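The values are calculated or read from the model by the stated rules, or taken from the named source; none is laboratory data. This one's a predicted model, so the numbers in the text were calculated from it and none came from an experiment. FYI the Cβ positions are ideal-geometry reconstructions off the backbone, even for glycines, and counts take in every protein chain you see. Calculation scope for accessible area: heavy atoms of the full protein, side chains included, ligands and nucleic acids excluded. Shrake-Rupley method; radii C 1.70, N 1.55, O 1.52, S 1.80 Å.
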Amino acid sequence: MYMYYPNNNPWSFLLQRLFDEAVQDGADLNECLRTVERIPDKDFEAWYREWMKTAEHIERLAHEAFEKGRLVTAKDAYIRAFTYYRTAQFWLEYQDPRKDAAFLRAQDCFQKGNTLGTPSYERVEIPFEGTTLPGYFCPAEGGKGSKKPAVLYVGGADTFAEQLIFMGASRITKRGMSCMTMTGPGQGEVVRVKKLYTRPDYEKPIGAALDYLEKRQDVNPKKMAVMGVSMAGYYAARGASLDGRVAACLLFGACYSVVDDLYDYFPHIRSSLQWIVGAKSPDEARERYAKFTLHGVIEKMKCPLLINHGADDFIVSPAAARKTYDGARCPKEVRIWQAEEGGSAHCMGDNRAQAYAYMFDWLADKIR
């Protein structure tokens, strides 16, 4: 992985992810580079301050374009401002009021951008336990009027539906499959506004999303796949193991045990994991996450399974991929991406173009 900050893996990885989002219309590479030039390594206040400056500048450009009737320019700028506000709040502690404020500004920009002209992404509300979970439905390219295969895309930790759109959704729809991203318990507005925290039985929110998908007239209910990224390697694998409607399961990074593979393996994420599970202390968080394991669950999966993981992943242990593979009894494949080819970072962050092609071609072969 290219280290923009030579001694800082987490910051360098986050920039790699931003660059990937830039080639999917979620950001602009040069706007990102101009911003990080102003941010000294490990200066968290500078990170927040400079990304906020960039976000506010791009949001002003969006407002100006909108006032002049230049809706395409406004739409694009609002989406980029969404990404930069989201990036600004990333390292703030959840108790910091600036975090929610920046998140809400990000959401506002996304909604403004998405609703200018014809909405680019269909906002959906998934009925779930007396409330709803938000998501976005991105239809398959070509073949309008027919029922298409669909991929349910689940994010890890505090990743949410709007962000997932710029993490490969268009690469799925280009292959003739629809993609629905979702914000589940412990994520985005669901945890911030609705106070629904993450939970070990994630087959329930995933099942609710599948309930929604199978009722759509443009989805083939016999060809629904589930895909999870990062910590959602646990969520997606659990959902696919316990719901017989899943026709294929793709793990965009494995996570067999949240305690062993993430909480203990990457201490930097502990405060975030504590917050999204609703724990009052690190000990309570660790105790709650002890239930987040695929032991005794992955053995029940019947559908085809593809596991991808970076050999040098410093966020989720590469051992998670082997444990998941060894436990599964279904048709299964595993690919460990190596540094020599690119893709050895967390969720193949340093080789997303090739990883997307490999993963989504496999999905197309299984459900299209």
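Quote the relative contact order of the chain in percent (integer), defining contacts as alpha-carbon pairs under 8 Å separated by 6+ residues.
Taking the mean separation of contacting Cα pairs over the length of the chain, I get 13 percent.
If I stretch the segment between LYS144 and TYR2 completely, what's the gain in nm (0.36 nm per residue apart, minus their alpha carbon distance), one decimal?
Fully extending the segment from LYS144 to TYR2 adds 47.0 nm.
Could you provide, to the nearest whole Å², the per residue accessible area of the chain with probe 1.4 Å?
40 Å²
Looking at LEU273, LEU210, ALA65, which one has the Cα that reaches farthest to the positive end of the dipole of the chain (charges on Cβ: Lys, Arg +1; Asp, Glu -1)?
Of the candidates, LEU210 comes out farthest on the positive side.
For the residue pair LYS53 and ASP201, what label-to-label distance in nm results when each label sits 7 Å from Cα along the Cα-to-beta-carbon direction?
5.0 nm
Starting from the Cα of LYS68, draw a straight line to each of the aspartates and glutamates and keep only those under 18 Å, dropping any in the same chain fewer than 8 residues away.
GLU59, ASP76
What list of ³J(HN,Hα) values in whole Hz, one per residue of the range 214-229 in order, does the Karplus curve 6.51 cos²θ - 1.76 cosθ + 1.60 (θ = phi - 60°) give from phi, with Gly and Pro shown as x?
Those phi angles translate into 5, 8, 6, 6, 9, 10, 7, x, 8, 10, 10, 10, 10, 10, x, 10 Hz.
Which value, in debye to the nearest 20, describes the size of the charge dipole of the range 1-156 about its Cα centre when Lys and Arg Cβ atoms bear +1, Asp and Glu Cβ atoms bear -1, and nothing else is charged?
380 debye
Which stretch or stretches of the range 313-349 have amide N atoms under 13 Å from the point lying 7 Å from SER120's Cα along the Cα→Cβ direction?
Nothing falls inside the zone, counting backbone N under 13 Å.
May I ask you to give the percent of accessible area on the chain that is carbon plus sulfur, with a probe radius of 1.4 Å?
Using a 1.4 Å probe with all protein chains present, the chain comes out at 51 percent carbon and sulfur.
What share of Cα pairs, in percent, lie more than 38 angstrom apart in the chain?
Value for the chain (Cα pairs over 38 Å): 11 percent.
Can you figure out the FRET efficiency of LYS302 with LYS42, using R₀ = 51 Å and their beta-carbon distance, to the nearest 0.05?
0.65
Among PHE82, PHE44, what's the order by accessible area (1.4 angstrom probe), most exposed first?
PHE44, PHE82
Which distance in nm do the two modelled labels at ALA290 and VAL193 give, with both placed 7 Å along the Cα-to-Cβ direction?
Going by the 7 Å Cα→Cβ label model, 3.6 nm.
Compute the signed sum of charges (Lys and Arg +1, Asp and Glu -1) over the other residues within less than 13 Å, Cβ to Cβ, of ALA208.
-3
Note down the nm distance, to one decimal, between modelled labels 7 Å out along Cα→Cβ at GLN111 and at SER170.
Each label point is offset 7 Å from its Cα along the Cβ direction, giving 2.4 nm.
Can you give the FRET efficiency to the nearest 0.05 for ASP25 and ARG329, using r as the Cβ-Cβ distance and R₀ = 41 Å?
0.55
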